[in-house]
Amino acid sequence: MADKLVAVKGMNDILPGSVPRKDKLPDSAIWRWFERTVESVLSRHGYQHLMTPIVEPTALFVRGIGEATDIVEKEMYSWEDAMNGDKLTLRPEITAGIVRAMVEHNALYNGPLRVWSIGPVFRHERPQKGRYRQFYQLDVEALGFPGPDVDAELILMLRVLWQELGLTIGAHVRLELNSLGQPAERAAHRAALVAYFEQHADQLDEDAQRRLHSNPLRILDTKNPAMQALVEAAPRLDQHLGEASKAHLAAVCAVLDAAGLPYRINPRLVRGLDYYNLTVFEWVTDQLGSQGTVCGGGRYDGLFEQLGGKPTPGIGFGLGIERLLLLLQAIGVPVPDAAPDAYAVIPDPAALPAAMVALDALRRAGVAVQMHAGGGSLKSQFKKADASGARHALVFGADELAQGQVALKPLRDAAAAQVLRPLAEVHGWAAELRNA
């Protein structure tokens, strides 16, 4: 017998909840509920859906994310196309691909756009809880809007999403903000960082020494406990911000204050991608151990030019879906029931034609009906009906069919009586099943 094939390490199957699994990863029901909630919130804020390819030119991420970032240096799945020598990469994030699509199709010709996408992204890193080699990301972008008003709107939209998912701000997630200023201000801060860390080179670990001249800002994000005091004393970016950058952040904060959304200014918040400027933010949690960030983003007004487009402002965020769903599981957020409205019990194969005609009519009337298939005793079919979570069983027995009727048996209310309903008038009682 051939060896059993399994999924690539760090790349997971998303299965129905009825399939038992040892790893306790979120099942497809909570995924679909999350996606429906996201689409509802985003559409109410004027965001339109788009999709971009999973495979992009490697240069897109080198130019967009930054050659000296961990993602580009260590984590991308890249190869050379054997057919034509093109250098290709499985996307490690979605924003750069969306900006590439906007530039390629001149998509902002008629004005700014608000867009969103959900899909898989790939990073070659050590798999652990909430962090995988293939994971799924919600990516939301507001493109062509220069002002702090849209920055604040985007953050407030996330508050709506958290509330509709059952998360409490403060107890489950909290907001951290910072400003990365403009390129000249970041350059001045970078020079100050290099000079400071050079004076303390003997305290830098191997990773920090490697980054000292290529990307010193990332040293501030170190998780090495031995370097925390050194990092805390390092020059701060806010010491180099000009009045315009300070005013932009102040305007964002003014809206959040007026809306009653609590936040913390974190001057060490830098994000992991080079394309950010001005407003950056993260939503963090204490419920998932060391994997504290569930959503992060910010403004990237220079990215369009980096990718060959005209100067265009932009702001957006990325949300790791697996990590967020693990958070929802950890705090016990109830997922709405995805069970069918009814389960069709068909004791005799001879009843199948009449039953399927009735089921087709019910489904066209908006009723979710799961049909028993494969035969079996009446007892075993009722056992399956109960396990399905349906609120009613539709019993297509010989006696009922002889009268042109079907029996509706309540499965969740022991005190409710079984009733008969005419097969010729399905649309007249379909709402009874939908609204039960």
Quiz item: Can you name every residue in segment 221-237 that is under 30 Å from the mean Cα position of the chain (by Cα) and among the acidic types (Asp, Glu)?
Solution: ASP221
Quiz prompt | Some residue of segment 69-81 being more than 25 Å from the chain's Cα centre (by Cα) and over 24 Å from ARG126 (Cα atoms) | solution = yes
Self-check item: Residues within segment 358-372 that are farther than 10 Å from LEU433 by Cα and in contact (Cβ under 8 Å) with a residue 12 or more places away in the chain, tallied
Solution: 7
Self-check item: Pairs where the first residue, in segment 9-27, is on the phi > 0 side of the Ramachandran plot and the second is β-branched (Val, Ile, Thr), C-beta under 9 Å, 6+ apart
Solution: none
Quiz item: Which one is farthest from LEU319 (Cα to Cα) among residues in segment 239-278 that are without any contact (Cβ under 8 Å) to a residue 60 or more places away in the chain and among the acidic types (Asp, Glu)?
Solution: GLU243
Quiz item: Is there any pair with a first residue in segment 373-387 that is in a loop (DSSP other than H, G, I, E, B) and a second that is polar (S, T, N, Q) whose Cβ atoms are under 9 Å apart and which are 6 or more apart or on different chains, and what are they?
Solution: GLY375/GLN381
Self-check item: Candidate set from segment 327-352 (those that are part of a loop (DSSP other than H, G, I, E, B) and either of a type in the set (Gly, Ala, Ser) or in contact with a Pro (Cβ under 6 Å, 6 or more places away or on another chain) (or both)); member that is nearest to SER388 (Cα to Cα)
Solution: ALA339
Quiz item: Tally time: how many residues in segment 245-287 are surrounded by fewer than 18 Cβ atoms within 10 Å (Cβ to Cβ) and out of contact with any strand residue (DSSP E or B) (no Cβ under 9 Å at 6 or more places or on another chain)?
Solution: 9
Practice problem: Residue by residue through segment 99-120, note down the ones that are touching a residue at least 60 places away in the same chain (Cβ under 8 Å) and either at positive phi or within 18 Å of the chain's Cα centre (by Cα) (or both). | Solution: ARG114, VAL115, TRP116, SER117, ILE118, GLY119, PRO120
Exercise. Identify the residue in segment 64-92 that is of a type in the set (Lys, Arg) and not in a helix (DSSP H, G or I) and, among all such residues, is farthest from LEU303 (Cα to Cα).
Key: LYS87
Exercise. Working carefully through the options PHE317, PHE281, PHE304, find the one that is farther than 23 Å from LEU158 by Cα, touching a residue at least 24 places away in the same chain (Cβ under 8 Å), in the same structural domain as TRP33 (by TED's automatic domain parsing) and not in a loop (DSSP other than H, G, I, E, B).
Key: PHE304
Quiz prompt | Residue, surrounded by the fewest Cβ atoms within 10 Å (Cβ to Cβ), within segment 180-199, restricted to residues that are more than 17 Å from LEU303 (Cβ to Cβ) and in contact with a helix residue (DSSP H, G or I) (Cβ under 7 Å, 6 or more places away or on another chain) | solution = VAL194
Self-check item: Single residue of segment 14-39 satisfying the filter (more than 16 Å from GLU164 (Cα to Cα) and of a type in the set (Ser, Thr, Tyr)) that is surrounded by the most Cβ atoms within 10 Å (Cβ to Cβ)
Solution: SER28
Quiz item: LEU324 versus (1) within 30 Å of ALA390 (Cβ to Cβ); (2) part of a loop (DSSP other than H, G, I, E, B): which is the lone unmet condition?
Solution: (2)
Self-check item: Within segment 15-50, considering residues that are aliphatic (A, V, I, L, M) and within 14 Å of the chain's Cα centre (by Cα), the one nearest to PHE145 (Cα to Cα)
Solution: LEU42
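The values are calculated or read from the model by the stated rules, or taken from the named source; none is laboratory data. Model, not experiment: these values are computed from the prediction. Glycine also receives a Cβ, built like all others from the backbone with ideal geometry; neighbour counts cover every protein chain displayed.
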